[in-house]
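Accompanying notes for the structure given below.
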Amino acid sequence: QVQFVESGGGLVQPGGSLRLSCATSGMIFRIFGMGWYRQVPGKERELVAGISVRNDTYYLDSVKGRFTISRDNAKNAAYLQMNSLNDEDTAIYYCNADPPFKRYWGPGTQVTVST
């Protein structure tokens with residue numbers, strides 16, 4: 001069974017940084033594009049950043065220049081480096097394939113940007 005386990009979230013002040021990690025299992029990681037998604041209450045989950053099997057990356061406009069997605073095929077893992085965080089980045093962050101396996105969302109990791 002496909003599993004995604006996110007970690008690295010927390011409470012951070014505006015302007016701070018966090019690095020999210022995603023451990024995967026049950027899939028041939030290297031053949032899938034990967035994405036980081038986020039969701040706030042009352043809104044649709046949105047794709048924040050994606051990385052293709054060829055390591056091409058793409059980002060939501062509001063995070064360009066601040067977030068960096070990466071992957072390690074040897075570890076079946078994906079990462080999201082988040083810098084210059086602001087309160088609009090507060091959300092639960094999830095990783096999944098891109099496009100996602102809709103049946104296999106992980107628990108996510110909460111990111112809260114606040115003073």
Self-check item: Computed E for S25/T68 - FRET, C-beta separation, R0 25 angstrom, nearest 0.05
Solution: 0.55
Quiz prompt | the chain - percent of accessible surface contributed by carbon and sulfur, probe 1.4 Å | solution = 48 percent
Quiz item: Taking Cα centroids, how far is the range 79-110 from the range 25-42 in Å?
Solution: 8 Å
Quiz item: What net charge do the residues around G65 carry, taking every other residue with its C-beta under 15 Å from that of G65, with Lys and Arg at +1 and Asp and Glu at -1?
Solution: -1
Quiz item: Where Lys and Arg each count +1 and Asp and Glu each count -1, what net charge lies around R19 among other residues with Cβ under 14 Å from its Cβ?
Solution: -1
Quiz item: With the dipole of the chain worked out from charges on the C-beta (+1 for Lys and Arg, -1 for Asp and Glu) around the Cα centre, which of Q81, G65, F4 lies farthest toward the positive end?
Solution: F4
Quiz item: So for the pair Q39, T90, with labels modelled 7 Å out along Cα→Cβ, what separation do we get in nm?
Solution: 1.9 nm
Practice problem: Binning at 10 Å from 0, report for the chain what percent of all alpha-carbon pair distances ends up in each bin. | Solution: 15, 51, 29, 5, 0
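The values are calculated or read from the model by the stated rules, or taken from the named source; none is laboratory data. Since this is a predicted model, take the numbers as computed values, not measurements. Every residue, glycine among them, receives a Cβ derived from its backbone with ideal geometry; neighbour counts consider all protein chains shown. For accessibility, only protein heavy atoms count, side chains too; no ligands or nucleic acids. Shrake-Rupley method; radii C 1.70, N 1.55, O 1.52, S 1.80 Å.
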